[in-house]
Amino acid sequence: MLENSIARVADLLRQSKEAVAFTGAGISTPSGIPDFRSPNSGLWDKVNPVVVASIYGFRLNPQAFYNWIHPLAELMMNAQPNAAHLALAHMEQAHSLKAIITQNIDMLHTRAGSKTVFELHGHLREATCVHCFKIFNAEPIIRQFLLDHQVPHCPECGGVIKPNVILYGEQLPIQQFLAAQNAARKADVMIVIGSSLEVAPAADLPMLTVRGGGKLIIINFEPTHLDSQADIVIHDDASQFLPKLLQRMEFTQ
Ligand code: NAD
């Protein structure tokens, strides 16, 4: 059954010219970073991310936001790309994949070596003062915050510094979003990996591919509302499935 799915996905990718991957938090759970919606992920337990991780919540109470993101930031800063990130990077190198559209902020795709990555929800590479808009390299700021748990402030104006991640209620980075829309429209195959597909507008992108006549493949532990639109649905661990897919593609080139 699984062998059959691997062969079918490999065939679709081999015939494609404009394949893209669309990834969510599930691709990074094997790297030790919990997602938001898996049962027992822990991130919904004490606070609702839609409140604490919203731009309104951040402006009202930055300390609450920073308290919430502390364990997640610690895991992200120390995480390594897993076999799923590495398989996608190899597929791009082998010209089997044009781009990755990701909702993740953990930077594990670029660290795995992927080149064309549209980070729709931002990243932890940079941070911005919400008062004077000065941009900082985020790494030393986050490392300091991991040690002292204090809200970081701008050394120039004293404003609160916010990592360049898109909070609920904020607009997506427009250039990244337009490029992702374009890639999704052109895609003849889209592989959705580890996303509940519940966060709009990012989660609307797979339907652009479907409406354009492209094939949709979904790899996720749990069912999603787009399973009925997909040509192939695989309920498996992305970090197990993608290396097997890569192996199959290399073996049958
Ligand atoms: P989500 O938490 O809503 O859904 C993740 C899905 O992945 C779940 O349906 C789960 O069943 C599945 N899953 C978990 N581990 C898997 C695995 N190993 N293999 C296959 N499937 C797996 O995630 P989302 O759709 O990306 O939306 C969450 C939002 O939270 C996004 O906006 C994202 O920016 C943010 N987020 C990012 C990170 C990160 O950067 N790593 C982590 C948590 C949340």
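Below are the figures for this structure:
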item: Test result for residue 47, over 20 Å from the mean Cα position of the chain (by Cα) and surrounded by 21 or more Cβ atoms within 10 Å (Cβ to Cβ); result: no
item: Test set (1) more than 28 Å from residue 83 (Cα to Cα); (2) assigned to a strand (DSSP E or B); (3) in contact with a Pro (Cβ under 6 Å, 6 or more places away or on another chain) - residue 162 fails condition number; result: (3)
item: Residues being within 15 Å of residue 245 (Cβ to Cβ) and either assigned to a loop (DSSP other than H, G, I, E, B) or open to solvent by less than 50 Å² (accessible area, probe 1.4 Å) (or both) - total across segment 2-19; result: 9
item: Odd one out for residue 60 among (1) over 30 Å from residue 231 (Cα atoms); (2) at pLDDT below 95; (3) crowded, with 19+ Cβ neighbours inside 10 Å; (4) more than 10 Å from the ligand (Cβ to nearest atom); result: (3)
item: Any hit, segment 115-135, residues being in contact with a Leu (Cβ under 9 Å, 6 or more places away or on another chain), in contact (Cβ under 8 Å) with a residue 24 or more places away in the chain and more than 16 Å from the ligand (Cβ to nearest atom); result: yes
item: Whichever residue in segment 215-232 is in contact with a His (Cβ under 9 Å, 6 or more places away or on another chain), touching a residue at least 60 places away in the same chain (Cβ under 8 Å) and not hydrophobic (A, V, I, L, M, F, W, C) and, among such residues, is surrounded by the fewest Cβ atoms within 10 Å (Cβ to Cβ); result: 222
item: Residues that are of a type outside the set (A, V, I, L, M, F, W, C) and under 13 Å from the mean Cα position of the chain (by Cα), drawn from segment 90-110; result: 102, 103, 104, 106, 109, 110
item: Extreme residue, nearest to the ligand (Cβ to nearest atom), among residues of segment 85-114 that are touching a strand residue (DSSP E or B) at 6+ places or on another chain (Cβ under 7 Å), open to solvent by less than 20 Å² (accessible area, probe 1.4 Å) and hydrophobic (A, V, I, L, M, F, W, C); result: 101
item: Whichever residue in segment 233-249 is more than 14 Å from the ligand (Cβ to nearest atom) and closer than 13 Å to residue 86 by Cβ and, among such residues, is surrounded by the most Cβ atoms within 10 Å (Cβ to Cβ); result: 246
item: Among the residues listed as 161, 217, 191, 166, the single one being at pLDDT 95 or above, within 16 Å of the ligand (Cβ to nearest atom) and in contact with a helix residue (DSSP H, G or I) (Cβ under 7 Å, 6 or more places away or on another chain); result: 217
item: Filtered residue count, segment 115-131, keeping only those that are assigned to a loop (DSSP other than H, G, I, E, B), out of contact with any Gly (no Cβ under 6 Å at 6 or more places or on another chain) and open to solvent by 20 Å² or more (accessible area, probe 1.4 Å); result: 3
item: Every pair of residues 6+ apart whose Cβ atoms lie under 6 Å, when the first sits in segment 233-246 and is without any contact (Cβ under 8 Å) to a residue 40 or more places away in the chain while the second is assigned to a helix (DSSP H, G or I); result: 233/227
item: Verdict on residue 136 being assigned to a strand (DSSP E or B), open to solvent by 20 Å² or more (accessible area, probe 1.4 Å) and in contact with an Asp or Glu (Cβ under 7 Å, 6 or more places away or on another chain); result: yes
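Per-residue answers, yes or no, for (1) exposed (fewer than 12 other Cβ atoms within 10 Å of the Cβ); (2) under 19 Å from residue 119 (Cβ atoms); (3) not charged (D, E, K, R):
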residue	(1), (2), (3)
151	no, no, yes
168	no, yes, yes
172	no, yes, yes
175	yes, yes, yes
179	no, yes, yes
198	no, yes, no
203	no, yes, yes
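The values are calculated or read from the model by the stated rules, or taken from the named source; none is laboratory data. Since the structure is predicted, the reported quantities are computational estimates derived from the model, not experimental observations. Glycine gets a Cβ as well: all are built from the backbone with ideal geometry, and neighbour counts include every protein chain shown. Calculation scope for accessible area: heavy atoms of the full protein, side chains included, ligands and nucleic acids excluded. Shrake-Rupley method; radii C 1.70, N 1.55, O 1.52, S 1.80 Å.
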